[in-house]
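Step one of this worksheet: look at the structure below.
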Number of protein chains: 2
Amino acid sequence: MSSPERQVRPADPAPIFAALGDRTRLSLLTRLSDGRARSISTLSADARMTRQAVTKHLRVLESAGLVSSIRVGRESRFAYRPEPVIEARSYLDRVSAQWDDALGRLRTFVEGPGPI
Amino acid sequence: MSSPERQVRPADPAPIFAALGDRTRLSLLTRLSDGRARSISTLSADARMTRQAVTKHLRVLESAGLVSSIRVGRESRFAYRPEPVIEARSYLDRVSAQWDDALGRLRTFVEGPGPI
DNA sequence: GAAAATGGCAACCATATGATTGCGTATTGC
DNA sequence: GCAATACGCAATCATATGGTTGCCATTTTC
């Protein structure tokens with residue numbers, strides 16, 4: 001018999017996806033996903049927007065748990081956090097799995113003439 | 001030697017994530033991912049918002065390619081489209097892979113005192 | 001053919017979002 | 001110590017977003 005594993009509360013991934021839903025933030029996250037922590041200055045060096053704009057994006061990522069930050073001297077270093085990405089992935093996996101499941105793909109638009 | 005496969009244009013997944021970044025839309029997509037096409041009325045039946053609000057969300061999903069719609073008589077049927085989900089997943093996979101790669105996780109915040 | 005069901009369109013509203021600018025403060029380099 | 005660097009805070013702005021309401025048109029149903 002299985003041990004009484006407590007369900008790890010699904011926690012809706014919408015905020016994570018929302019944080020990912022921006023080109024600039026995706027780019028920042030991609031850079032940081034190499035595991036190297038970087039300062040705001042470094043991250044805004046080649047951006048076509050102000051440092052403040054980049055800072056805001058980083059704070060959005062931080063709110064979603066996608067990055068963490070620590071102050072080191074006069075700079076703020078941001079680092080990639082893998083957990084939310086895992087969570088988002090597993091959500092997409094579940095959606096894909098449900099789609100792949102059974103006869104799913106055969107039912108599309110083939111419900112007959114009646115209301116559904 | 002490999003055939004000259006044309007790169008399937010990366011097409012930034014930000015708009016897909018943005019479309020996924022809403023509770024209501026995630027819920028709609030989850031329902032539709034069983035492969036059954038449904039009308040707007042059906043989809044808004046148990047929603048705590050107006051039919052119009054649900055319609056707007058469905059159009060957002062449609063703009064991101066996550067669902068398609070066809071008019072059947074007096075109703076509009078929406079069906080799940082798997083491609084964007086695959087694309088989003090593969091993006092997250094690449095991010096995760098880069099993270100898993102090499103010594104990535106060891107570099108976090110361990111860059112020494114100098115500016116980075 | 002009249003009523004019900006389905007949904008499109010448009011106006012409208014409050015709030016969120018993405019970005020800028022200006023300025024103040026703390027830290028570092030020389 | 002002073003200038004440069006790095007950053008935070010706040011105001012401001014335009015536009016996007018999420019939601020509502022009202023009304024009209026098309027289909028079905030009986």
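Provide the FRET efficiency to the nearest 0.05 for the A:Thr55-A:Arg94 pair, computing r from the beta carbons and using R0 = 35 Å. Present the calculation step by step, with values, prior to reporting the outcome.
Details: r = 34 Å, r/R0 = 0.97.
According to the calculation, E is roughly 0.55.
Can you list, shortest first and in nm, the gaps between the label point of B:Met49 and those of its counterparts in the other copies, using a point 7 Å from Cα in the C-beta direction?
2.4
Is there a simple number for the mean count of other chain Cβ atoms within 10 Å of the Cβ of residues in A:37-50, and what is it?
Details: counts 6, 2, 3, 0, 2, 2, 0, 0, 0, 0, 0, 0, 0, 0.
Mean inter-chain Cβ contacts per residue within 10 Å come to 1.
Stretched out fully, how many nm does the piece from B:Glu75 to B:Arg23 gain, at 0.36 nm a residue minus the Cα gap? Let's see the in-between values first.
Values: separation 52, 0.36 × 52 = 18.72 nm, distance 2.43 nm.
Once the chain is fully extended between B:Glu75 and B:Arg23, it gains 16.3 nm.
The range B:35-96: which trypsin sites (Lys or Arg not before Pro) are DSSP loop and have at most 14 other beta-carbon atoms within 10 angstrom? Display every interim value, and only then the final one.
Values: sites: B:Arg36, B:Arg38, B:Arg48, B:Arg51, B:Lys56, B:Arg59, B:Arg71, B:Arg74, B:Arg77, B:Arg89, B:Arg94; in loops: B:Arg36, B:Arg48, B:Arg74.
Hits after loop and neighbour filter: B:Arg48, B:Arg74.
Mind checking A:90-98 for the average number of partner chain beta-carbons within 10 Å of each residue's beta-carbon?
On the way: counts 1, 7, 12, 3, 2, 13, 6, 1, 7.
The mean count of partner-chain Cβ atoms within 10 Å per residue comes to 6.
Would you pull out the residues with amide H under 5 Å of B:Val67's amide H, same chain only if 5 or more places away, H placed 1.01 Å from N?
Those lying under 5 Å, H to H, from B:Val67 are B:Glu62, B:Arg81.
Report the relative contact order of the range B:18-62, percent, no decimals, based on alpha-carbon pairs under 8 angstrom and at least 6 residues apart. It would help to have the intermediate numbers written out before the result.
On the way: 21 pairs, mean separation 19.6, N = 45.
Relative CO of the range B:18-62 lands at 44 percent.
Starting from a label point 7 Å past Cα on the Cβ side, list the distances from A:Ser63 to the same position in the other copies, nm, shortest first.
In ascending order, 2.1 nm.
Within 10 Å of each Cβ of B:72-79, how many other protein chain Cβ atoms are there on average? Intermediate values should be presented prior to the final figure.
Working: counts 5, 3, 1, 2, 0, 5, 1, 6.
Taking all residues of B:72-79 together, the mean is 3.
Only the coordinates and a few stated rules stand behind these numbers; no lab work does. What you are looking at is a predicted structure, and each value in this text was computed from that prediction instead of being measured. Every residue, glycine among them, receives a Cβ derived from its backbone with ideal geometry; neighbour counts consider all protein chains shown.
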